[in-house]
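Contents: one structure, followed by commentary.
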Amino acid sequence: MSLPVDVHPPPRGGRIPRAASVHRVGRRRRPQWLAGLLLILPSLLAIGLFVYGFIGWNVRVSVTSWRGLTPTYDFVGVRNYLALWGDERWRLDVRNIVIFTTVFVIGSLALGFGMATLLEKGVRGQGFYRSVYLFPMAISFVATAIVWRWLLDNGTGSDTAGINKLLSDVGLGWLRSDWHRSEGGWAIAAVALPAGWALSGYVMALFLAGMRNIPNAVREAARIDGATEAQVFWHVTRPMLRPVTVSAIVILLHISLKTFDLLYAIDQRSLKIDTPSLYMWFTTFDGGFYNRGATIATVLLIGIALVVGPYIRSSLRRGGAR
Amino acid sequence: MSQGRIGFVVLLLIALLAALPLVSPGDAASAHQLEVFSWWTGPGEDEGLAAMVDEFKRRNPGVDFINATVSGGAGSNAKAILASRLLANDPPDSYQRHAGLELQDDVRSGKVVDLTDLYESEGWMEVFPPGLLDNLTIDGKIYSVPVNIHRANLIWYDPRALSALGLPGPPQSWSEFLEQATTIQSRGKTPLAVGPQWTQKHLLETVLLGELGVDGYLGLWTGRTAWRGPKVTQAIDTFMKVLAVSDVKSAAADWQPQLDRVMSGSAVYAVMGDWSYAYLALTKKLGWQSEYAVAASPGSAGIFDFLSDSFTLSVGARHSRLAREWLIECGSRLGQDLFNPRKGSIPARTDPDESLYHEYLAWDLQQWRDPNTRIVGSLTHGVVANNAWNSEIDTALGLLVQDGDIGKFAATVDDKRLETS
């Protein structure tokens, strides 16, 4: 969630320092970059150590045979990576995360866009709805999971509860589902429901901001030219929302790959909803397989980088052209 | 002074302040301090711990007792935090572990001190049963002091439900259970309630114990019983049949709701450890033998499948002398009698004050002290398998429950035993 909607390059050239340096014309000129370097040095060091240093350490651990409480820094090459691909649980996890991501991203986008469109049309009490839709995001994923664990309960007979109970009470009992206890890929797809519930309000806010940024004049002009509302949407609104959509997708994708707490709390250790991040946690801290945990972390990082990298590059390029 | 320079000075100050914790001397080290790490935060167990701490403070006046508890996940959250502290060589003076091979990694990595001398000077070799001492011994030495004993191989039920169904009593074997299950199902009830993954592992352990007997069960962990052999395959097959008549497809979210299903009557039996006693008797205030009852799990009468919370002495403990005093408290008759009635468990010692243990606990204690009882350790609760193997069994069991491939499960568990030993 730390990802900004649009990445701006730092202001060029530093106009302000130049104004300040006018005072010192008579003195010995210090190189201009020095003050700047000193200013960013603390954060540079912190990021260098705590982000890149630790990534490096993690990659190092992923090529060792470290197991248990005795750190071992030997070198076993890519053995851990190969072992992972032969690991049945890992393959299951990869399948699960792909399903989860697909359902979660598409669902949140569709839901968020729908809500934004409705609010954009100017509903009475707009501000109220906007806050209500955003609230779920303010709840921690663990609390969300505890609530949804009950909502998605699949007890039968007198143990029927949650959504299934609601469905049967309004005469839609045939819609009853096993939710996160279903067979095959349906279980993990069901868990995308609470995740989407939590994040779609945020996507709505993004789209709403994007829609507000489209000048009404453009749409008006299209209408005067005889475009139908559908054509206005497709040819005017949609292209102008593209940057927002791309941002939303990238944010959702990287949240999806990292999701841990929700899945951890909703049904502990159920392999039906197991994902790489959960496997990483359990194998590291329950089993002491630090090498395997680090390998999973590295693969996850590469996965996220593949998603986020091109996006950042393209936004930087766009920013530079401005 | 230009604004830029003020800004620079401010930034510098912030950077210095941020770096301050790095150079501050380690916690103003008072010599009269003791840090004990546990995951006892639930109702009953925190009271038991507090009672033991009070007694400890009475014997060691002026001690600053730091109760470093981490709640959640039956200790799994605490274990993650503990692992990072042990790796950073910043251990608490004494920490909780399940007795048995859960401690093997700590022993082999040199994180805990050999306590065999303490056992001798305190005379614990005589007061703890030999079956327990066997399971406490790792590579020939003892590294932790058990405070309590829980029993895992138990089956809980509501006696009124049994008589309503016309069942004579709890099943004596798993085949009798499966026979009863047919009757129970025909009356529209679930024969067995289960909970999340670890309760299924707990069930597997009791089925293996009931089907293979003491020696067969013990051999699983030492390599004398062949996982790939026909007997084990048969036992796992029984487990799958038992699971098939349970509510595993809509399993309860935790062990308390699992028992709730039995007490509310939608299910008839639940296999669970005796922490259930504190929940049923103390929290839900149900009547012993009238509203809830318990028996040894099918096929395990006369066998005590135990688990135990124990405390260690860390290598590099800052307050090693006080930590030893704490361990003496943990192993003492008084300490165990203070803790256990509150937590709802029994003392590891065989010489407690019997008048403190009632209802289920009295029966439990009598079985624990009976010299004819065979004592075995629990798999799910860390006694008989080290952490690495145990977590690989978790994965294999998760896959078994999904795909039902018994041969693959047995082979994986067998292979992983060698890989992780």
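Points to keep in mind about this one:
- Within the stretch B:271-320, if we keep just the residues that are open to solvent by 10 Å² or more (accessible area, probe 1.4 Å) and part of a helix (DSSP H, G or I), the residue that is farthest from B:PRO43 (Cα to Cα) turns out to be B:SER320.
- Filtering the stretch B:46-71 to residues that are touching a Phe, Trp or Tyr at 6+ places or on another chain (Cβ under 8 Å) and either among the β-branched types (Val, Ile, Thr) or open to solvent by 10 Å² or more (accessible area, probe 1.4 Å) (or both) leaves B:ASP46, B:ALA51, B:VAL53, B:LYS57, B:VAL63, B:PHE65, B:ALA68, B:THR69, B:VAL70, B:SER71.
- The lone exception for B:TRP198 - which of (1) more than 14 Å from chain A (Cβ to nearest Cβ); (2) out of contact with any strand residue (DSSP E or B) (no Cβ under 8 Å at 6 or more places or on another chain) it fails: (1)
- Considering B:LEU136, B:LEU218, B:LEU204, B:LEU154, the condition of being over 15 Å from B:LEU307 (Cα atoms) and within 20 Å of the chain's Cα centre (by Cα) is satisfied by B:LEU204 alone.
- Selected residue (only one of B:ALA317, B:ALA348 is within 20 Å of the chain's Cα centre (by Cα) and not acidic (Asp, Glu)): B:ALA348
- For the stretch B:1-40, a residue qualifies if it is touching a Leu at 6+ places or on another chain (Cβ under 9 Å) and modelled with pLDDT under 85, and the qualifying residues are B:GLY7, B:PHE8, B:LEU11, B:LEU12, B:ALA15, B:ALA31.
- Of all residues in the stretch B:376-421, those that are in contact with a strand residue (DSSP E or B) (Cβ under 8 Å, 6 or more places away or on another chain) and surrounded by fewer than 20 Cβ atoms within 10 Å (Cβ to Cβ) total 0.
- Residue ID - modelled with the lowest pLDDT, chosen from residues in the stretch B:212-259 that are touching a Pro at 6+ places or on another chain (Cβ under 9 Å) and open to solvent by 30 Å² or more (accessible area, probe 1.4 Å): B:ALA253
Every residue, every condition in (1) under 30 Å from B:GLY110 (Cα atoms); (2) touching a strand residue (DSSP E or B) at 6+ places or on another chain (Cβ under 9 Å); (3) modelled with pLDDT under 95, yes or no:
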{"position": "A:LEU37", "(1), (2), (3)": "no, no, yes"}
{"position": "A:LEU49", "(1), (2), (3)": "yes, no, yes"}
{"position": "A:PHE54", "(1), (2), (3)": "yes, no, no"}
{"position": "A:VAL59", "(1), (2), (3)": "yes, no, no"}
{"position": "A:SER62", "(1), (2), (3)": "yes, no, no"}
{"position": "A:PRO71", "(1), (2), (3)": "yes, no, yes"}
{"position": "A:GLY77", "(1), (2), (3)": "yes, no, yes"}
{"position": "A:LEU82", "(1), (2), (3)": "no, no, no"}
{"position": "A:ARG89", "(1), (2), (3)": "no, no, no"}
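- Candidates in the stretch B:88-106 are the residues that are hydrophobic (A, V, I, L, M, F, W, C) and open to solvent by 20 Å² or more (accessible area, probe 1.4 Å); of these, the one that is farthest from the chain's Cα centre (by Cα) is B:ALA88.
- Matching residues, the stretch A:272-286, being within 9 Å of chain B (Cβ to nearest Cβ) and touching a residue at least 24 places away in the same chain (Cβ under 8 Å): A:LYS272, A:ASP274, A:TYR279
- B:PHE177, sole failed condition from (1) part of a helix (DSSP H, G or I); (2) over 27 Å from B:ASP337 (Cα atoms); (3) within 14 Å of chain A (Cβ to nearest Cβ): (3)
- Selection within the stretch A:246-271 - of a type outside the set (A, V, I, L, M, F, W, C) and either more than 28 Å from B:ASP105 (Cβ to Cβ) or at the interface with another protein chain (Cβ under 10 Å from one of its Cβ atoms) (or both): A:SER247, A:HIS254, A:SER256, A:LYS258, A:THR259, A:TYR264, A:ASP267, A:GLN268, A:ARG269, A:SER270
- Exactly one residue out of B:ALA323, B:ALA362 is in contact (Cβ under 8 Å) with a residue 40 or more places away in the chain and either open to solvent by 10 Å² or more (accessible area, probe 1.4 Å) or not in a loop (DSSP other than H, G, I, E, B) (or both), and it is B:ALA323.
- The residues of the stretch B:123-141 that are open to solvent by 10 Å² or more (accessible area, probe 1.4 Å) and either over 14 Å from B:ILE328 (Cβ atoms) or touching a helix residue (DSSP H, G or I) at 6+ places or on another chain (Cβ under 6 Å) (or both), listed by number, are B:MET125, B:GLU126, B:PRO129, B:PRO130, B:GLY131, B:LEU133, B:ASP134, B:ASN135, B:THR137, B:ASP139, B:GLY140, B:LYS141.
- The lone exception for A:ALA189 - which of (1) among the hydrophobic types (A, V, I, L, M, F, W, C); (2) over 26 Å from B:ASP403 (Cβ atoms); (3) touching a residue at least 24 places away in the same chain (Cβ under 8 Å); (4) open to solvent by less than 30 Å² (accessible area, probe 1.4 Å) it fails: (2)
- Yes/no for B:LEU118 being over 26 Å from B:TRP39 (Cα atoms) and open to solvent by less than 20 Å² (accessible area, probe 1.4 Å): no
- Here the condition is being open to solvent by 40 Å² or more (accessible area, probe 1.4 Å) and assigned to a helix (DSSP H, G or I); of A:LEU167, A:LEU119, A:LEU134, it holds for A:LEU134 alone.
- Within the stretch A:51-76, the set of residues being among the small types (Gly, Ala, Ser), under 15 Å from A:THR284 (Cβ atoms) and surrounded by fewer than 19 Cβ atoms within 10 Å (Cβ to Cβ) comprises A:SER65 only.
- Qualifying residues in the stretch A:216-250 (those that are part of a loop (DSSP other than H, G, I, E, B) and open to solvent by 60 Å² or more (accessible area, probe 1.4 Å)) - the one farthest from A:LEU109 (Cα to Cα): A:ASP225
- Subset of the stretch B:247-264 [in contact (Cβ under 8 Å) with a residue 60 or more places away in the chain and within 11 Å of chain A (Cβ to nearest Cβ)]: B:VAL248, B:PRO257, B:ARG261
- Some residue of the stretch A:144-156 being away from chain B (no Cβ under 14 Å) and either more than 17 Å from A:ALA209 (Cβ to Cβ) or surrounded by 20 or more Cβ atoms within 10 Å (Cβ to Cβ) (or both): yes
- Some residue of the stretch A:179-189 being at pLDDT 90 or above and away from every other protein chain (no Cβ under 14 Å): yes
- Within the stretch A:251-276, the residues that satisfy the criterion of being open to solvent by less than 10 Å² (accessible area, probe 1.4 Å) and assigned to a loop (DSSP other than H, G, I, E, B) are A:THR259, A:ASP274, A:THR275.
- Matching residues, the stretch B:142-151, being within 22 Å of B:ARG374 (Cα to Cα) and either among the polar types (S, T, N, Q) or open to solvent by 20 Å² or more (accessible area, probe 1.4 Å) (or both): B:SER144, B:ASN148
- When each of A:ARG91, A:ARG124, A:ARG79 is tested for being open to solvent by 60 Å² or more (accessible area, probe 1.4 Å), without any contact (Cβ under 8 Å) to a residue 24 or more places away in the chain and more than 30 Å from A:MET280 (Cα to Cα), the lone residue that passes is A:ARG124.
- Among the numbered conditions (1) away from chain B (no Cβ under 14 Å); (2) without any contact (Cβ under 8 Å) to a residue 12 or more places away in the chain, the only one that A:TYR311 does not meet is (2).
The values are calculated or read from the model by the stated rules, or taken from the named source; none is laboratory data. On a predicted model such as this, the values are computed, not experimentally measured, just so you know. Neighbour counts run over all protein chains shown; Cβ positions are idealised from the backbone, glycine included. When the accessible area is computed, the model is the full protein with side chains, heavy atoms only, and any ligands, DNA or RNA have been set aside. Shrake-Rupley method; radii C 1.70, N 1.55, O 1.52, S 1.80 Å.
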